[in-house]
1. Yes or no: ILE19 closer than 16 Å to TYR139 by Cβ, within 17 Å of the chain's Cα centre (by Cα), aliphatic (A, V, I, L, M) and modelled with pLDDT of 95 or more?
2. In the range 1-60, how many are in a strand (DSSP E or B), free of Cβ contacts under 8 Å to residues at least 40 places away in the same chain and within 18 Å of ARG90 (Cβ to Cβ)?
3. May I ask you to verify whether GLY166 is in contact with a strand residue (DSSP E or B) (Cβ under 6 Å, 6 or more places away or on another chain) and small (Gly, Ala, Ser)?
4. Just one of TYR154, TYR81 is of a type outside the set (A, V, I, L, M, F, W, C) and more than 18 Å from VAL33 (Cβ to Cβ); which is it?
5. If the Cβ limit is 9 Å and pairs must be 6+ apart or interchain, which residue in the range 172-197 that is closer than 19 Å to LYS4 by Cα pairs with which residue that is at pLDDT below 65?
6. Of the conditions (1) over 15 Å from the mean Cα position of the chain (by Cα); (2) surrounded by fewer than 17 Cβ atoms within 10 Å (Cβ to Cβ), GLU174 clears all except one; give me its number.
7. Inside the range 88-198, counting only helices (runs of 4 or more DSSP H) that do not spill past its ends, which hold 2 or more residues that are modelled with pLDDT under 95?
8. Please specify each residue of the range 57-90 satisfying the condition of being of a type in the set (Gly, Ala, Ser), surrounded by fewer than 19 Cβ atoms within 10 Å (Cβ to Cβ) and within 18 Å of ALA116 (Cα to Cα).
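The values are calculated or read from the model by the stated rules, or taken from the named source; none is laboratory data. This is a predicted model, so every value here is computed, not measured. For neighbour counting, all protein chains shown are included, and Cβ atoms are generated from backbone atoms with ideal geometry for every residue, glycine included.
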Amino acid sequence: MPGKQLLMIVGDFGEDYEIMVPFQALQAVGHEVDAVCPEKGSDETVKTAVHDFRGDQTYVESRGHDFALTASLDDVDPAEYDGLVLPGGRAPEYLRTYDEVLDVVRHFDEADKPIAAICHAAQILAAADVVEGRTCSAYPALQHDVEDAGGEYYDGVTTDGNLVTGRDWGDHVEWIAQFLDVLGTEIEHGQSAEAAQD
């Protein structure tokens, strides 16, 4: 089965793991992923942040990597993509203010295409009015945001139709697995390195 064309919307100080891990994992199983950011082109980068949990009442934040964009949001046509990925971190707080970002999210939802959103990306979902009447996960501090947007908060990874959501990067394994299921991805395992050498 050929790989899918996926779109990922990122921004400055998005969560490093929530950008890097799905970007690489989805490519590893044969999908093509375009990463875009409003007002930035394919020759630019976004700065990421690493959020960690060290026993405080909330997470701590450290500077992450410079993540290279692969396309320009202005140049992509959402109709040409099979799925959407929305990482968390601080970026969703400002990404939700861009009409073009909300329009892209609405396109995928109205077309019933798979959407994977994690952590603070629920802020974008709520702003795009795609949470109402749905079960949705998010970073736990956003439970009220989900509920205020008319959704039912779920404390874990959940799939509701085309929408796959998780709490934070600790949910990656199940979140990515559920997204791959919704995408219809079939993974064929090749020979081991030892077998290939025989």
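1. When the stated conditions are applied, ILE19 passes them.
2. Applying the first criterion (in a strand (DSSP E or B)) to the range 1-60 yields 5-9, 14-15, 32-36, 45-52, 60.
From what is left, the residues that are free of Cβ contacts under 8 Å to residues at least 40 places away in the same chain are 32, 35, 45, 47, 50, 52, 60.
Subset that is within 18 Å of ARG90 (Cβ to Cβ): 35, 45, 47, 50, 52, 60.
Counting residues in the range 1-60 that are in a strand (DSSP E or B), free of Cβ contacts under 8 Å to residues at least 40 places away in the same chain and within 18 Å of ARG90 (Cβ to Cβ) gives 6.
3. So GLY166 passes the test.
4. After ruling out the rest, the residue left standing is TYR154.
5. What qualifies is GLY184/MET1; THR185/MET1; GLU186/MET1; GLU188/MET1.
6. GLU174 satisfies every listed condition except (1).
7. On the way: elements: 91-95, 99-110, 122-127, 143-148, 172-183, 193-197.
So the answer is 193-197.
8. ALA79
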